[in-house]
Amino acid sequence: MNYQVVIPAAGQGKRMNAGKNKQFLEVNEIPLIIHTLRVFENHSLCSGIILVINKMERNEFEELIHKYKITKVKQLVYGGAERQNSVYNGLKACHKENYVLVHDGARPFVSHTSIEELIQATNRTGAATLGVPLKDTIKVVRDGVVSHTLDRSNLWGIQTPQAFELDLILNAHNQAIEEGYLGTDDASLMERTGQAVSIVMGDYINIKITTPEDLIIAESIIKRK
Ligand SMILES: Nc1ccn([C@@H]2O[C@H](COP(=O)(O)OP(=O)(O)OP(=O)(O)O)[C@@H](O)[C@H]2O)c(=O)n1
Ligand SMILES: C[C@](O)(CO)[C@H](O)COP(=O)(O)O
């Protein structure tokens, strides 16, 4: 079952504190975004990539796409102030095909196996997300004091890709706009429509490169590949 993927890469990388979009930072001498794009460039089921970028960075992205021969990028779409805005802009550019995946440009280590398991789950429920059971104890904290501890047995760390039937996720985004809801992932918008979202076991190495420490981990992951 072929799919298209929307890759939001229009953030500022504030938590990385690198003075530029973290997508351009190199891991093992290759820009982060190229590591991510190559996953889908090299996946036979991926029919096309919609890359969501900051308008001011178009030249940089075009140069990298050309240099590294990423042929599946079908369109460069401009992002918005929030990740949700960026993803929505990317979804609107998708053509009516089976499934659409939404995957953070800052997650370079997702595997083809995980993607294919995600698509199989989407066949069943119309929506699915990768995730991993949490390993740390999670507590709710208010004003610097622990309020209570959550039952870890039902808590998952959610990753991307997340996969959807295109019409369903577009409807969910439109509903979120009408309700003024801003979520931190796309599955949460689907949940609000009452749509079942399947959870698919991901890999703990499918990390999101967010803070400087993540670059150290990324270098070691790459070296072990
Ligand atoms: N307005 C935004 C915000 C985020 N993203 C993208 O969404 C993914 C996940 O977001 P995050 O890891 O938070 O990236 P940044 O927003 O760049 O990081 P920060 O919050 O530290 O600024 C990233 O690939 C990022 O480029 C986006 O396309 N548009
Ligand atoms: C979508 C996501 O990667 C799932 O864990 C996460 O919510 C993105 O959060 P961010 O703050 O936009 O990086």
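Checking each residue in the stretch 1-53 for being open to solvent by 10 Å² or more (accessible area, probe 1.4 Å), away from ligand 1 (no atom under 13 Å from the Cβ) and assigned to a helix (DSSP H, G or I) picks out Arg38, Val39, Glu41. Answer yes or no: is there a residue in the stretch 81-100 that is among the hydrophobic types (A, V, I, L, M, F, W, C), in contact with a Phe, Trp or Tyr (Cβ under 7 Å, 6 or more places away or on another chain) and under 25 Å from Ala196 (Cα atoms). Taking every residue of the stretch 81-100 in turn, at least one turns out to be among the hydrophobic types (A, V, I, L, M, F, W, C), in contact with a Phe, Trp or Tyr (Cβ under 7 Å, 6 or more places away or on another chain) and under 25 Å from Ala196 (Cα atoms). Give the stretch 117-132 a look and list any residue that's of a type outside the set (Ser, Thr, Tyr) and more than 16 Å from ligand 1 (Cβ to nearest atom), or say none. Correct list: Glu117, Leu118, Ile119, Gln120, Ala121, Asn123, Arg124, Gly126, Ala127, Ala128, Val132. The residue that is farthest from Leu170 (Cα to Cα), among those in the stretch 105-118 that are open to solvent by less than 20 Å² (accessible area, probe 1.4 Å) and part of a helix (DSSP H, G or I), is Ser114.
Restricting the stretch 180-225 to residues that are open to solvent by less than 60 Å² (accessible area, probe 1.4 Å), of a type in the set (Ser, Thr, Tyr) and without any contact (Cβ under 8 Å) to a residue 60 or more places away in the chain, the residue that is nearest to Val102 (Cα to Cα) is Ser188.
Residues in the stretch 74-104 that are more than 15 Å from ligand 1 (Cβ to nearest atom), part of a strand (DSSP E or B) and at pLDDT 95 or above: Lys74, Val100. Working only within the stretch 109-137, note down all residues that are touching a strand residue (DSSP E or B) at 6+ places or on another chain (Cβ under 7 Å) and within 16 Å of ligand 2 (Cβ to nearest atom). The answer is Val110, Ser114, Ile115, Leu118, Ala127, Ala128, Thr129, Leu130, Gly131, Val132, Pro133, Leu134. The single condition among (1) open to solvent by 60 Å² or more (accessible area, probe 1.4 Å); (2) more than 23 Å from Lys208 (Cβ to Cβ); (3) assigned to a strand (DSSP E or B) that Thr71 does not meet is (3).
Quick one: would you say Ile207 is part of a helix (DSSP H, G or I), at pLDDT 95 or above and under 25 Å from Gln12 (Cβ atoms)? Reasoning before the result, please.
Details: part of a helix (DSSP H, G or I): no; at pLDDT 95 or above: yes; under 25 Å from Gln12 (Cβ atoms): yes.
Against the criterion (part of a helix (DSSP H, G or I), at pLDDT 95 or above and under 25 Å from Gln12 (Cβ atoms)), Ile207 does not qualify.
Taking the condition of a type in the set (Lys, Arg) and touching a Lys or Arg at 6+ places or on another chain (Cβ under 6 Å), does Arg107 pass? Walk me through it before giving the result.
Values: of a type in the set (Lys, Arg): yes; touching a Lys or Arg at 6+ places or on another chain (Cβ under 6 Å): yes.
Yes: the conditions hold for Arg107.
For the stretch 130-149, the count of residues that are in a loop (DSSP other than H, G, I, E, B) and of a type in the set (Ser, Thr, Tyr) is at least one.
Among the numbered conditions (1) within 29 Å of His35 (Cα to Cα); (2) open to solvent by 50 Å² or more (accessible area, probe 1.4 Å), the only one that Asn174 does not meet is (1).
Restricting to the stretch 184-225, what's the tally of residues that are of a type outside the set (Asp, Glu) and away from ligand 1 (no atom under 16 Å from the Cβ)?
Just the residues of the stretch 184-225 that are of a type outside the set (Asp, Glu), to begin with: 184, 187-190, 192-202, 204-212, 215-218, 220-225.
With the extra rule that they be away from ligand 1 (no atom under 16 Å from the Cβ), the set shrinks to 190, 192-201, 204-205, 216, 220-225.
Going through the stretch 184-225 one residue at a time, the tally reaches 20.
Considering the conditions (1) within 16 Å of ligand 2 (Cβ to nearest atom); (2) more than 24 Å from Ile158 (Cα to Cα), Val73 is excluded by exactly one of them, (1).
The values are calculated or read from the model by the stated rules, or taken from the named source; none is laboratory data. As the structure is a prediction and not an experimental result, all values here were calculated from the model. As a convention, Cβ positions derive from the backbone with ideal geometry for all residues, glycine included, and neighbour counts pool all protein chains shown. Just so you know, the surface numbers come from the protein's heavy atoms only, side chains and all, with ligands and any DNA or RNA stripped out. Shrake-Rupley method; radii C 1.70, N 1.55, O 1.52, S 1.80 Å.
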